[in-house]
Amino acid sequence: MDLMNIVYPTVSLGGIGLVLGAVLGYASKKFAVEVDPKVPLVRDALPGANCGGCGYPGCDALAKAIVEGDAKPNACPVGGAASALKIGEVLGVSVEAGERTSAYVKCSGVCTNSKDKYKYYGVQDCRDAAMIPGGGPKSCSYGCLGLGSCVKVCDFGALSIVDGVAVVDEDKCTSCGKCTNICPKGLISIVPTSKRVRVACSSKDRGKDVKDSCSVGCIGCSLCFKNCPNDAIKFENNLAVIDYSKCKECQTCVTKCPSKVIKGIKGGNVLQ
């Protein structure tokens, strides 16, 4: 075999590689997008969960938005106060740590309290079950289906199904919002953890219609509303709603609620 038949192609390919490398190197400098040096520093201060709880598609997008002033330094619910303080140092600004929040499941319809219309044997997913007639097997069409769609999407192990209802571990919850988005019943809300008075029901029915489905549902009696000394409770669609900006946690609503569906602290930090 002629040696030159090997040398010429090799040299040619090497030359083409050098030319292309030079062209790419020039193009990378010519068309480079300038990145604010603070962006990677802010990105390093974020936890890297990429959960979307901040409203941005990931930590990279949030870091860019924070540096450009489109998002607040404390916008990351996962990083919390620790991330906010680090970001403040990078930006040279003082940052107020946002109030700690957690997901909360507004349903008390555990197996002993709620009734079923029929036995469900379908796909173990709340979204699929909610699509069938009646909105699922539970008599209360607003109640937790307990099939764990929220559990499956939680990246932090903060949710579990206990006695047929989803329960949140506040110590693990980062308020990323994935569970709130996936729940077909809209039962899960993000609430301040410092506010311990909660309405554990989402039923929009009233009176006997509620009791026929669940022994502990809000019956819309308005006793909590009438007795609240701080005007912190209103009714929307027959359901008590607490205005946390007015609530002083006096526990009046807890004691007046005949269904005991409004929960509050009774010693320690345990919801009773």
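Quick look at the numbers
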| quantity | calculated |
| --- | --- |
| The chain, accessible surface, carbon-and-sulfur percent (1.4 angstrom probe) | 57 percent |
| Within straight-line cross-link reach of residue 178, aspartates and glutamates at Cα separation under 16 Å, skipping those fewer than 8 residues along the same chain | 125, 155, 169, 170 |
| Max mean-square fluctuation residue, GNM over the chain, Cα-Cα springs under 10 Å, options 254, 191, 19 | 19 |
| Calculated FRET value between residue 18 and residue 68, using beta carbons and R₀ = 41 Å, to 0.05 | 0.55 |
| For region 101-264: relative contact order, % (alpha-carbon pairs under 8 angstrom, 6 or more apart) | 24 percent |
| Paramagnetic reach from residue 156 in region 98-139 [backbone N under 13 Å; point 7 Å along Cα→Cβ] | 99-104 |
| Computed FRET value (nearest 0.05) for residue 251 with residue 222, which takes r as the C-beta separation and R₀ as 22 Å | 0.80 |
| Residue-by-residue Karplus 3J(HN,Hα) for region 62-74, coefficients 6.51, -1.76, 1.60, Hz, glycine and proline x | 5, 4, 5, 5, 5, 5, 7, x, 8, 9, 7, x, 9 |
| Candidate aspartates and glutamates for bridging to residue 138, where Cα separation is under 12 Å - those fewer than 8 sequence places away on the same chain excluded | 116, 212 |
| Charge sum, other residues only, whose C-beta stays under 10 Å from residue 141's C-beta, Lys/Arg counted +1 and Asp/Glu -1 | +3 |
| Residues of type aspartates and glutamates that residue 38 reaches as a straight line, Cα spacing below 18 Å, ignoring anything fewer than 8 places off in the same chain | 60, 68, 70, 89 |
| Calculated [θ] (222 nm, deg cm²/dmol) that DSSP helices of n ≥ 4 give over the chain, each run adding -39,500 (n - 2.57) | -8500 deg cm²/dmol |
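The values are calculated or read from the model by the stated rules, or taken from the named source; none is laboratory data. Note that the structure is a prediction, hence the values are computed from the model and not measured. All Cβ positions, even for glycine, are placed from backbone atoms using ideal geometry, and neighbour counts span all protein chains on display. We work out accessible area using only protein heavy atoms, side chains counted, and drop any ligands, DNA or RNA first. Shrake-Rupley method; radii C 1.70, N 1.55, O 1.52, S 1.80 Å.
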